[in-house]
Every structure is written in structure tokens, then in C-alpha cells.
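For reference, the structure discussed in these notes is given below.
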Amino acid sequence: QVQLVESGGGLVQAGGSLRLSCAASGRTFSRYAMGWFRQAPGKEREFVVGISASYIKHYAESVKGRFTISRDNAKNTVYLQMNSLKPEDTAVYYCARSKFDSPATNYLNYDLWGQGTQVTVSS
């Protein structure tokens, strides 16, 4: 059974950094595009960043220049390095697997989701 498990969330002050990890248990990790989404209380699920199987990246404008996505196929893991965090970054962050090799912004293009990890940024 394929699963995604996020870790690395926590409480930080504005301007601080966190590194999230998403570990996949499947055997075909490298062929899929992966993405990070986030959802704050009372808000819609929001695309953060995606990375294709060929390492092409697509960032939301709100995080561009501050967040960096990477993947290590040998370890079946995708990472999200978050720097210069702002209070508006506070949300539950979800790792997701795309249905195909595309760092798409639409959540409907993703067919597998992790349980989420809480990120809280204090002002």
C-alpha cells in the first residue's frame, strides 16, 4: 500500500525557517510529479509548489524566492525548505502525488495525499 507521510512542521517565529519532509512507501516514486499544498483554517486548499519527475519546478507567487522544493528519488522523499516564514504561511501542509508527470496547480491532478503537518508562524 502506497502512503505519504509528512514531517518537520512546528512553531517558529516570523523570519524563521523549517524543512518539511514527505516520505513515500511506494516502489515507483521517481515516475511521479509531486506537490505541496497548504490549508489554513477557514480557507481553501492552496497550491504551494510542485516538482516533476524531470525536476522541473513550479512555485506559487506567494512563496517564490522563499521556499524551495527538492526530491531524492533514491530515498523516496520530497522536501520543502521554507525560509523567511511569515504569519500568513501558517497552515497544515500536505504532500501529494500527481496522477502524471506534471507539477500542476489544480488539486484534482493529484491522487494520493499525506496526513499533513502543522506549520505555525508567530508574529
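The values are calculated or read from the model by the stated rules, or taken from the named source; none is laboratory data. Keep in mind that this is a model prediction, so the values were computed, not measured. Here the Cβ is made from the backbone with ideal geometry for all residues, glycine too, and neighbour counts use every protein chain on show. Just so you know, the surface numbers come from the protein's heavy atoms only, side chains and all, with ligands and any DNA or RNA stripped out. Shrake-Rupley method; radii C 1.70, N 1.55, O 1.52, S 1.80 Å.
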| Looking at region 82-96, is at least one residue surrounded by 14 or more Cβ atoms within 10 Å (Cβ to Cβ), under 16 Å from Leu20 (Cβ atoms) and of a type in the set (Asp, Glu)? | yes
| If we only count strands (runs of 3 or more DSSP E) wholly inside region 25-123, which ones have 1 or more residues that are out of contact with any strand residue (DSSP E or B) (no Cβ under 7 Å at 6 or more places or on another chain)? | 67-72
| Pairs, please: C-beta under 7 Å, at least 6 apart or cross-chain, first residue in contact (Cβ under 8 Å) with a residue 60 or more places away in the chain and over 22 Å from Arg97 (Cβ atoms) and in region 3-20, second in a strand (DSSP E or B) and of a type in the set (Gly, Ala, Ser)? | Leu11/Ser122; Gln13/Ser122; Ala14/Ser122
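Residue-by-condition table, conditions (1) hydrophobic (A, V, I, L, M, F, W, C); (2) in contact (Cβ under 8 Å) with a residue 12 or more places away in the chain:
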{"residue": "Ile56", "(1), (2)": "yes, yes"}
{"residue": "Asp72", "(1), (2)": "no, no"}
{"residue": "Asp89", "(1), (2)": "no, yes"}
{"residue": "Ser98", "(1), (2)": "no, yes"}
| task | Inspect region 59-78 for any residue being among the basic types (Lys, Arg) and surrounded by 21 or more Cβ atoms within 10 Å (Cβ to Cβ) and give the result as yes or no. | result | yes
| query | Going by the conditions given, is Ala53 touching an Asp or Glu at 6+ places or on another chain (Cβ under 8 Å), among the small types (Gly, Ala, Ser), at pLDDT below 95 and within 18 Å of Thr105 (Cβ to Cβ)? | reply | yes
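Conditions tested, residue by residue: (1) closer than 21 Å to Gly26 by Cβ; (2) modelled with pLDDT of 95 or more; (3) over 13 Å from the mean Cα position of the chain (by Cα).
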position	(1), (2), (3)
Ser62	no, yes, yes
Thr77	yes, yes, no
Glu88	no, yes, yes
Ala96	yes, yes, no
Phe100	yes, no, yes
Thr105	no, no, no
Leu108	yes, no, yes
Gly114	yes, yes, no
Val119	no, yes, no
| remark: Per the filter on region 1-16, residues open to solvent by less than 50 Å² (accessible area, probe 1.4 Å), farther than 24 Å from Thr28 by Cα and either assigned to a loop (DSSP other than H, G, I, E, B) or hydroxyl-bearing (Ser, Thr, Tyr) (or both) are Gly9, Gly16
| Every residue from region 24-58 that is of a type in the set (Gly, Ala, Ser) and either within 12 Å of the chain's Cα centre (by Cα) or surrounded by 14 or more Cβ atoms within 10 Å (Cβ to Cβ) (or both) | Ala24, Gly26, Ala33, Gly35, Ala40, Gly50, Ser52, Ala53
